[in-house]
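The values are calculated or read from the model by the stated rules, or taken from the named source; none is laboratory data. What you see is a predicted model; the values in this text were computed from it and never measured. Here the Cβ is made from the backbone with ideal geometry for all residues, glycine too, and neighbour counts use every protein chain on show. Just the protein is used for accessible areas: all its heavy atoms, side chains included, with ligands, DNA and RNA removed. Shrake-Rupley method; radii C 1.70, N 1.55, O 1.52, S 1.80 Å.
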Amino acid sequence: MAVFVALGAFLMTLAGGWTAQRVTDRRHLVLGLAGGLMLGVVGLDLLPEALQAAGDEVFGVPAALLLFVAGFLLAHLVERLLAARRAAHGADEHGHRSPEVGLTAAAAMVGHSAMDGVAIGAAFQVGGGMGVAVAMAVIAHDFADGFNTYTLTSLYGNARRRAVAMLVADALAPVAGAASTLLFTIPEGALGAYLGLFGGVLLYLAAAEILPEAHHEHPARSTLLCTVAGAAFIWLVVGIAE
């Protein structure tokens, strides 16, 4: 049952990626929306779940928040190292983005989607009602996941076939995650740690890359409205799920 329900997440993820492909003539609006979706996912979905799952404190600070900061710094460090490597080989740091950063970010999205599938499977182990509720929440925000996966991959200069490949991997990940719960379960603390770390990476990409790029050539009010709409959409999804 969990695997069957996860097929809904598969379809929604593909729908999100397809939408990102079709609106290339409004790229600034796509990026503005993606930034808002990512901000909403981090602040309204990932961090609350991470704090609840990984409640231990380290020197007075929740472990999930420490890992959130670590994820942000890790994403910054990786990007700087890749930019330095490209500069050493004669590439202009400001004119060329590192495709590896986009692939790494998309891979993190795939990992997150796999964990969504695990959440569906674990919820169905508790009970059918719990499983349906969690599945609906996952399916609702997997549209945003597919949208962001395609956008992140293509933004950093990767070819369309790579972006499509990462989108398909992201769509398959919830199904694989749900199927894996037939074999094992992930400890709650480890799940919270992962969500905190991934949240930091995602926030860095939204704040330092996606949104500045969205407003660089088109500092329009419509772009800002798309960002607000993206965050509001995630708020709506989280509220319905609760």
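Keeping all protein chains in position, work out how much accessible area Ser154 exposes to a 1.4 Å probe, and write it in Å² to the nearest 10.
Around 50 Å² of this residue is reachable by solvent.
Give the ranking of His112, His216 by solvent-accessible surface, highest area first, calculated with a 1.4 Å probe.
The residues order as His216, His112, largest area first.
Please list, in order, the residues from the range 42-60 whose amide nitrogen is less than 20 Å from a point placed 7 Å along the Cα→Cβ vector of Leu77.
Zone members listed by number: 58-59.
If every alpha-carbon in the range 138-242 counts as one equal scatterer, what log10 I(q)/I(0) does Debye give at q = 0.09, 0.23, 0.24 1/Å?
Debye output, listed in q order: -0.30, -1.49, -1.48.
Give the Kirkwood hydrodynamic radius (Å, one decimal) of the range 159-208, defined as one over the mean of 1/r across all pairs of different Cα atoms.
13.2 Å
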